[in-house]
1. Given a Förster distance of 25 angstrom, what is the FRET efficiency for residue 116 paired with residue 60, based on the Cβ-Cβ distance and rounded to 0.05?
2. Once you keep just the Cα pairs under 8 angstrom separated by 6 or more residues, what percentage relative contact order results for the chain?
3. I need the trypsin sites (Lys or Arg not before Pro) found in segment 157-199, filtered to DSSP loop residues with at most 14 other beta carbons within 10 Å of theirs.
4. Counting only helical runs of four or more DSSP H residues, what would the 222 nm mean residue ellipticity of the chain come to if each run contributes -39,500 (n - 2.57) and the total is spread over all its residues?
5. For segment 3-106, what is the relative contact order in percent, using Cα pairs closer than 8 Å and at least 6 residues apart in sequence?
6. Cβ neighbours within 10 Å, averaged per peptide: list 101-107, 167-173 in order, most packed at the top.
7. I'd like to know which of 148, 39, 11 lies farthest towards the positive end of the charge dipole of the chain, counting +1 on Cβ of Lys and Arg and -1 on Cβ of Asp and Glu.
8. What is the dipole size for the chain, taken about its Cα centre, with +1 at each Lys and Arg Cβ and -1 at each Asp and Glu Cβ, in debye to the nearest 20?
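The numbers here are math on the coordinates, done by the rules we state, and not lab data. Predicted model only: the values in this text are computed from it and were never measured. With ideal geometry, Cβ positions are generated from the backbone for all residues, glycine too; neighbour counts draw on all protein chains shown.
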Amino acid sequence: MTNRLISIVLPVYNQADHITAIVDEYAAALARIPNPYEILLVVNGSRDHSLAVCEDLAAKYSDPTRLVRVLHSEKGGWGLAVRLGLAAAHGDILCYTNSARTSPKDLILHLLYAVANPDNVIKANRKIRDNWQRRIGSLVYNIEVRALFDVPYWDINGTPKVFPRPFEALLHLQSDDDLIDAEFNAVCSRERYPMLEVPLFATKRHGGQSTTNYNSAFKMYLGAYRLWQSMRAAGKLRRPNGDES
């Protein structure tokens, strides 16, 4: 079990001022588990010098068993960065997360769950939001996605998300934007991948500014509906009785 490589995909968007501290903290925490790992920093559409900072981190962490790799995309997008990272990952255990909101302690917790439960998806379930507007907005979105895609999970956008490489359908997600998390959950439900949801209670951001506002929230509500339409048209949804549509 200890020789299973862990790949951690971290999208990086305008995080030059704090990504070094985050990666250093992750590396220190990951040193406490025996598995080899690689951290894939996917710099996407950044307008600052995030790429140069990430390349310095790759030079610093070059041990084959404790490795940082850098991918670069001129085009931005949370989903695109996740997909690029997963496509390039070499690991047996695959993880992606929002580095600005994931503490080293929470990352390690999810990875340990994944090592101990190799045939399960492990996903964060955040129990607290920063303010009541975000709580209400998140509740509405979660109810919408649960209803549209017939999924039993909560906190659709919660990360870390960790899964074993044999869950191959999760390596073929299509969304380039924030809808990738809804698609992830829909695919897990359709493929009947067992999922363990790990409760998280932290609300602190570890760097950067949230890009969620009323306009982006509305786009996500509309986007979820359009994703449902496209997956339904392509026959990629599960019927309520468990059969694929």
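1. Step by step, r from the Cβ atoms, then E = 0.25.
2. Relative contact order of the chain: 21 percent.
3. 192
4. Working: 7 runs with 97 residues, N = 245.
The helix contribution divided over the chain gives -12500 deg cm²/dmol.
5. 42 percent.
6. 101-107, 167-173
7. The listed residue farthest towards the positive side: 148.
8. Numbers: 29 positive and 26 negative charges, 117 e Å.
Dipole size: approximately 560 debye.
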